[in-house]
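The values are calculated or read from the model by the stated rules, or taken from the named source; none is laboratory data. Because the structure is a prediction, the values reported are computed rather than measured. Backbone-built Cβ (ideal geometry, glycine too); neighbour counts: all protein chains shown.
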Amino acid sequence: MEAKPRNIYKTARTVAGLTQERWAEAVGVSVDSIRVYENGSVIPTDETVRAMSEISGLAPLSYWHLCNKSTLAAETLPEVEHIPLPQAVVQLLCAIGDFDDNHRSLVKMAADGKIDAGEAMEWEGIKKRLDAVIRAAIQVKVAEGGA
C-alpha cells in the first residue's frame, strides 16, 4: 500500500468493505457527506474521521487526515504506511540503533550550545537519523494490529 492513498476516506470505506450508504450509516453522516469526502471537495471533521478509523480498523487514517487537513502538518510530519506491528517495531529498533551509533557526536555538539561550520555536515546527518526515529515511532503507533 502506498504511504498516503489518494483518497484516504474512500480507502477507509473500502477497507471496511461497506457501500457508501452503509458507511454513512455506520459513521453517522449522510450519504451526500460521504460522497463529498470521497471526491475530495470537503474534508470531514476530526470526530467523523475518528469514527471512520475505528470502524475500518485503519489506524493510520487519523494521522493521514491530519496531514490532509493542514499543509503545515503535511510539510512537517513524516509519511507513514499501513504496515503490520512487528514490521513497524523492527523498523523502529533499526532506526534507534542507527541513531545510537552516532549519539556521542550529538553530545559533543551540544556541549558548547551551538553547531559550528565544521559540525554542520554531521549535524545534517544527525537530523536525518532523528527524522528516521520519529517516523518509525509514529509508524509503530499507527501500525496494523497495534490498536
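Numbers below:
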read-out	value
Unique match (being within 17 Å of Arg135 (Cα to Cα), β-branched (Val, Ile, Thr) and surrounded by 15 or more Cβ atoms within 10 Å (Cβ to Cβ)) among Val27, Val80	Val80
Residue within the stretch 86-93 that is farther than 30 Å from Ala16 by Cβ, at pLDDT 90 or above and not assigned by TED's automatic domain parsing to the domain that holds Gly28 present	yes
Extreme residue, modelled with the lowest pLDDT, among residues of the stretch 46-66 that are over 8 Å from the mean Cα position of the chain (by Cα) and over 21 Å from Val31 (Cα atoms)	Ala59
Helices (runs of 4 or more DSSP H) contained entirely in the stretch 37-147, each with at least 3 residues that are free of Cβ contacts under 8 Å to residues at least 24 places away in the same chain	46-56, 71-76, 85-100, 103-111, 120-141
Qualifying residue in the stretch 105-112 (condition: surrounded by 14 or more Cβ atoms within 10 Å (Cβ to Cβ), of a type in the set (Asp, Glu) and outside the structural domain of Val15 (by TED's automatic domain parsing))	no
